[in-house]
Amino acid sequence: MLDFIQQLVSGIALGCVYGLIALGFVLIYKATEVVNFAQGDLMMLGGFFVFTFIGLMGLDYWLGFLFAVCGMAVFGMATERILVRPILGYPQFSIVMATIGLGYFLRSIAGMIWGTDDLRIETPFSAGVLKVGDLVLAHDKLSVIVATVILCVVLYAFFNYTRMGTAMRATSENMLAAYYMGIPVKRVVSLIWAISAAVAACAGVLLAPITFIHSNVGLVLGLKAFPAAVLGGFGSIPGALVGGLIIGVIESLAGFYLPQGWKDIAPYIVLLVMLVVRPHGLFGPSMRKKV
Amino acid sequence: MNLFTVDGISLQFGGLKAVDNVSFSVSKGEIFTIIGPNGAGKTSIFNLISRLYDPTSGKLFFEGRDITEVPPHQVARLGIARTFQNIELFENATMLANLLVGRHCHATTQMWQEMLFLPSVRRAEKDHRRKVEEVIEFLDLQAYRDKLIAGLPYGVRKVIEVARALCSEPKLILLDEPSSGLNVEETDDMSFWIRDIRSELGITVLMVEHDMTLVNRVSDRVLALNYGKVLASGTPSEVQAHPDVIAAYLGA
Amino acid sequence: MRFVFKTDYDQDIRILKHSGYWWSYGVLLAVLVAAPFLLGSYLQSQLVFVFIYAIVGVALMILTGFTGQASLGHAAFLAIGAYTAGFLQSHGVPFIVYFPTAAVLTGVVGALVGFPALRLTGIYLVIATIAFAFIVEEVLARWESVTHGNEGMRVRTLDLVGVPVPRDSASFYFLCLLVLVGTVLLALNLLRSPTGRAFVAIRDSETAGKSMGIDLAAYKVKSFAISAAITGMAGVLFAHKMTFISPEMFTLLLSIEFIMVIIIGGAFGVHGAILGAIFMVMIDPFLTALKDDVPVLAASVASSFGMAQDAATLLQDKLSKIGSAAGLKGAIYGLIIMMFILFEPYGLYGRWLKVKLFFQLFPLYKRATFKRQKTYVKSERNR
């Protein structure tokens, strides 16, 4: 029983990681109906940024964290301006391919700049564990859980209760109409990419002590975050968290109870089953074309 | 003789009754129009007939046969073709290809035969093409054969949609607001074509229309709807004089 | 400019529309037939890869370009074809049996993938195909009794009714060419008949297709099955060309390469698949050549413009260091994808058509002919 709970808890921690990356997908999708396949690579880049600030320049952890998040926000905006804005509104698949290209590009450039070794940084969460009865939970994982929940709540509130959030939702429904209603669409889209890249940077920084910083980490985790986002319904912020948790727990339990090999594909099997049963996820709206 | 009968059909979206116990029947060779304010449930009735929606209750009969349970792609094969309110053409194909898709319900060849393009396929293709050319002639579309739909003006697309429906050689054609977005001249042309469809091709027409001039000019019978319910039916002048219809339109 | 007067419906049905086509495709075929006798073994081998990629490209063109169903799982179909060939060959089944068997088996798997695809559109479908590819990859790695797991599998020399066809021989080249030509003809035949038009109809408007009598489910499954079966055939050839197959050859990256084939070629015609395949396969030797030559060239240009000798040598070193950096190929791939989507959305075939039109209309060609209209995001949620 304790094994089960321990697996469950580590699954939840893992799930929050996926949830955090999925959150980035969801934000961009929610505001522009673009799926950013390079989200995991933005996270990877965030990790490298923080490594540069803390590991190489020797800044304080929190300062480095702040700089990395701001740096990534600017990077996200630049990406939007250069790559996404010219093709926004064209078939979804071509934008998906463009972001896949971006991912390729970022991975190999990061590998060329920072090398291909596993990098580590010291963080306040690196050591230390929290013990509840017989349950052991490392601080680094705890920090991910806490951060994910906070970000989810804040972004959910942002989307549903602020003017900017409403403007973003309007933009995604019908961009032209949003223009006509005086919404600064370009600025809205820029902002959402900045926020999404910043969230990715948070994920990258928080994951640094857990997964190491490596140019391929984004690809690996990004591809696991997809099922999470889909499971939750692509446009839903709480859905990203719930989907992430489900994927994390399934992966962790499958790794423990099922034969080797199941761990890696269990999330995808669940995803396929989900897509067949409920094509638009747990929280996604159902789609129906009007004629 | 009744070609097509709608018997007490209802459609419910959650709490909203889009169509509420509507019954009517269309005789062979008739031009039958459904009118009503926006949101009255006109297009919903069309979508029920072409089986895009499943009715909550009620039945549809075509040539005496119950078609309430027929899957949507078989409706065309039975002889019911339709157009759409906001043009649903195949944008990135030529007009010719669009019209040939209209012949799909008459396709007889198997996929493996088509892969090898056996003589039978070629023969069938030529037959389809001949039929399509008749429709092109009928609606004066000769100029657009190899043009991509995406580059054509709205009025032409509207006609092409009618042409595509005619290519399937239907017995009943459903026209969803054939004149919406057309200018006065184009609307005139449309009204002539609608009458020709009935008189020259012998196809029964069921249409949804807002333009009362067009309705008066072509319809034999009119059905007025509001909030999914039948208000009145009869000849165009009868319906227009009906107090409930006037109330619905003028909001009295 | 040529004006074709049409006097017969056959003229619209024909694949080679007029005598110009006969000439140009005749010359192309002659060149391809002569190629193995003129080219060195390296280029001949690259051409074989072009053919294999082009076969997969045509398959993807049918599914993605014409039916509008995106797939990032075609590496898995290729793998299924390749492993079927490897497994059956090692059990003594002759080529003429396992080649069609691989196609049929992959087609069946493709149809099975097509079923969940019935309810999925856009991004959900892309993700479903990725998931499928991952599952196949894992199965290949774990099902050791058949696939030898991660150790991989040797594929013996192809044996065509008693005649060995080694991977580097001209006969293997011709076999691949034959399969490619067959595939292209098959695709073109489909396109000019009801099935192909139904595919295009599904791509452009599912609702209208449905009410024109197209059974969406049946045609989507058909499209997946055909596409998968063709990819399976390519898989057999691939296995024989590589002579060794292992799960890590059939990853997501390979699927992305296949999608790049049709994006770079232009996803609206069979020509695009071929041009894209040429580009994707030839980019590698091209880059290698650049890597060796550009630094030397740059250094000599720099020194001829008066740069000091040691500075020029330094420049040469720097450039060749960048050139041989480990990840450079990935970065260039990424750049190529982004550049094509941003600046050449109709791909190489689109560029070819523009150039052709430029000469046909000379001097009246207007740049704005192919300008894209600005479009705006509209939610797909209510579509």
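The values are calculated or read from the model by the stated rules, or taken from the named source; none is laboratory data. Please read all numbers here as calculations on a predicted model, not as lab measurements. Don't worry about glycine lacking a Cβ; one is built from the backbone with ideal geometry, like all the others, and counts go over all protein chains shown. Accessible surface is based on the protein model in full, side chains and every heavy atom, while ligands, DNA and RNA are left aside. Shrake-Rupley method; radii C 1.70, N 1.55, O 1.52, S 1.80 Å.
For residues in the range C:80-104 being hydrophobic (A, V, I, L, M, F, W, C) and within 16 Å of C:A133 (Cα to Cα), which is least open to solvent (accessible area, probe 1.4 Å)? Write out each step before concluding.
Residues of the range C:80-104 that are hydrophobic (A, V, I, L, M, F, W, C), as a first pass: C:80, C:82, C:85, C:87-88, C:93, C:95-97, C:99, C:102-104.
If we keep only those that are within 16 Å of C:A133 (Cα to Cα) as well, we get C:80, C:82.
Working: C:I80: 28, C:A82: 0 Å².
Per the criteria, the residue is C:A82.
List every residue pair whose Cβ atoms lie under 7 Å apart, where the two residues are 6 or more positions apart in sequence or sit on different chains, the first residue falls within the range C:308-332 and is over 25 Å from A:A110 (Cβ atoms), and the second residue, located anywhere, is surrounded by fewer than 16 Cβ atoms within 10 Å (Cβ to Cβ).
Every condition considered, the pairs that remain are C:Q316/C:V296.
Please tell me if A:S252 is crowded, with 21+ Cβ neighbours inside 10 Å and either more than 17 Å from the chain's Cα centre (by Cα) or among the basic types (K, R) (or both). Let's see the steps before the verdict.
Details: crowded, with 21+ Cβ neighbours inside 10 Å: yes; either more than 17 Å from the chain's Cα centre (by Cα) or among the basic types (K, R) (or both): yes.
So A:S252 fits the description; yes.
Look at the range B:28-62 and say how many of its residues are within 14 Å of another protein chain (Cβ to nearest Cβ) and not hydroxyl-bearing (S, T, Y).
Residues of the range B:28-62 that are within 14 Å of another protein chain (Cβ to nearest Cβ), as a first pass: B:38-39, B:41-54.
Then keep just the ones that are not hydroxyl-bearing (S, T, Y); that gives B:38-39, B:41-42, B:45-49, B:51-52, B:54.
The number of residues fulfilling the criteria is 12.
Answer yes or no as to whether B:S168 is within 14 Å of chain C (Cβ to nearest Cβ), open to solvent by less than 60 Å² (accessible area, probe 1.4 Å), hydroxyl-bearing (S, T, Y) and in contact (Cβ under 8 Å) with a residue 60 or more places away in the chain.
On the way: within 14 Å of chain C (Cβ to nearest Cβ): yes; open to solvent by less than 60 Å² (accessible area, probe 1.4 Å): yes; hydroxyl-bearing (S, T, Y): yes; in contact (Cβ under 8 Å) with a residue 60 or more places away in the chain: yes.
Taking the combined requirement at face value, the residue satisfies it.
Please go through the range B:176-197 and pick out each residue that is within 14 Å of chain C (Cβ to nearest Cβ) and either surrounded by fewer than 18 Cβ atoms within 10 Å (Cβ to Cβ) or at pLDDT 95 or above (or both). Let's see the steps before the verdict.
Our first condition is that a residue be within 14 Å of chain C (Cβ to nearest Cβ); within the range B:176-197, this holds for B:176.
None - no residue of the range B:176-197 is within 14 Å of chain C (Cβ to nearest Cβ) and either surrounded by fewer than 18 Cβ atoms within 10 Å (Cβ to Cβ) or at pLDDT 95 or above (or both), so the list stays empty.
Of all residues in the range C:336-345, how many are under 19 Å from the mean Cα position of the chain (by Cα) and either surrounded by fewer than 16 Cβ atoms within 10 Å (Cβ to Cβ) or more than 7 Å from chain A (Cβ to nearest Cβ) (or both)?
So the count comes out to 4.
What tally of residues in the range C:229-253 results from selecting those that are out of contact with any Leu (no Cβ under 7 Å at 6 or more places or on another chain) and under 18 Å from C:G276 (Cα atoms)?
2
Which one of these is out of contact with any strand residue (DSSP E or B) (no Cβ under 9 Å at 6 or more places or on another chain), surrounded by fewer than 24 Cβ atoms within 10 Å (Cβ to Cβ) and touching a residue at least 12 places away in the same chain (Cβ under 8 Å): C:F279, C:F250? Before you say what the answer is, go through the steps one by one.
Working: C:F250 fails: surrounded by fewer than 24 Cβ atoms within 10 Å (Cβ to Cβ).
None of the other options fit; the residue is C:F279.
Does the range A:77-92 include one or more residues that are surrounded by fewer than 19 Cβ atoms within 10 Å (Cβ to Cβ), over 20 Å from the mean Cα position of the chain (by Cα), of a type in the set (G, A, S) and assigned to a loop (DSSP other than H, G, I, E, B)?
no
Consider B:I160 against the criteria (1) open to solvent by less than 20 Å² (accessible area, probe 1.4 Å); (2) on the phi > 0 side of the Ramachandran plot; (3) not small (G, A, S): it satisfies all of them except one. Which criterion is unmet?
(2)
Would you point out which residue out of B:R77, B:R65, B:R82, B:R103 is basic (K, R), surrounded by fewer than 22 Cβ atoms within 10 Å (Cβ to Cβ) and within 14 Å of another protein chain (Cβ to nearest Cβ)? Break it down into steps so the answer makes sense when it comes.
Numbers: B:R65 fails: within 14 Å of another protein chain (Cβ to nearest Cβ); B:R82 fails: surrounded by fewer than 22 Cβ atoms within 10 Å (Cβ to Cβ); B:R103 fails: surrounded by fewer than 22 Cβ atoms within 10 Å (Cβ to Cβ).
Being basic (K, R), surrounded by fewer than 22 Cβ atoms within 10 Å (Cβ to Cβ) and within 14 Å of another protein chain (Cβ to nearest Cβ) holds for just one of B:R77, B:R65, B:R82, B:R103, which is B:R77.
Being open to solvent by 90 Å² or more (accessible area, probe 1.4 Å) and outside any helix (DSSP H, G or I) is the filter here; which residues of the range C:1-39 pass it?
Once the filter is applied, which keeps residues that are open to solvent by 90 Å² or more (accessible area, probe 1.4 Å) and outside any helix (DSSP H, G or I), the range C:1-39 yields C:M1, C:R2, C:F3, C:F5, C:K6, C:T7, C:R14.
So how many residues does the range A:109-135 have that are hydroxyl-bearing (S, T, Y) and open to solvent by 60 Å² or more (accessible area, probe 1.4 Å)?
First, pick out the residues of the range A:109-135 that are hydroxyl-bearing (S, T, Y): A:116, A:123, A:126.
From what's left, open to solvent by 60 Å² or more (accessible area, probe 1.4 Å): A:116.
Matching residues across the range A:109-135 total 1.
Pairs please, first residue from the range A:169-185 and within 14 Å of A:L88 (Cα to Cα) and in contact (Cβ under 8 Å) with a residue 12 or more places away in the chain, second anywhere and open to solvent by less than 30 Å² (accessible area, probe 1.4 Å) and of a type in the set (S, T, Y), Cβ atoms under 7 Å, 6+ apart in sequence or on different chains.
Between residues of the range A:169-185 that are within 14 Å of A:L88 (Cα to Cα) and in contact (Cβ under 8 Å) with a residue 12 or more places away in the chain and residues that are open to solvent by less than 30 Å² (accessible area, probe 1.4 Å) and of a type in the set (S, T, Y), the close pairs are A:T171/A:T32; A:S172/A:T32; A:S172/C:S379; A:V185/A:T171.
Looking only at the range C:300-327, filter to residues that are within 14 Å of chain A (Cβ to nearest Cβ) and open to solvent by less than 40 Å² (accessible area, probe 1.4 Å); which one of those is farthest from A:A38 (Cα to Cα)?
This residue is C:G323.
Does the range B:132-157 hold any residues that are surrounded by 15 or more Cβ atoms within 10 Å (Cβ to Cβ) and part of a helix (DSSP H, G or I), and which are they? Steps first, answer last, please.
Kept after step one, since they are surrounded by 15 or more Cβ atoms within 10 Å (Cβ to Cβ), are these residues of the range B:132-157: B:132-133, B:135-136, B:138-139, B:141, B:144-145, B:147-149, B:152, B:155-157.
Passing the criteria: B:V132, B:E133, B:V135, B:I136, B:F138, B:L139, B:Y144, B:I149, B:G155, B:V156, B:R157.
Which residues, counting only those in the range C:123-142, are under 27 Å from C:S90 (Cα atoms) and either exposed (fewer than 14 other Cβ atoms within 10 Å of the Cβ) or among the small types (G, A, S) (or both)? Don't jump to the end; show me each part of the working.
Looking only at the range C:123-142, we keep the residues that are under 27 Å from C:S90 (Cα atoms), and these are C:132-142.
Residues satisfying the conditions are C:A133, C:A141.
How do the helices (runs of 4 or more DSSP H) wholly within the range C:187-290 filter down when requiring 3 or more residues that are over 19 Å from C:A70 (Cβ atoms) and of a type outside the set (K, R): which remain?
Working: elements: C:194-204, C:206-211, C:216-242, C:252-265.
Counting at least 3 such residues, we get C:206-211, C:216-242.
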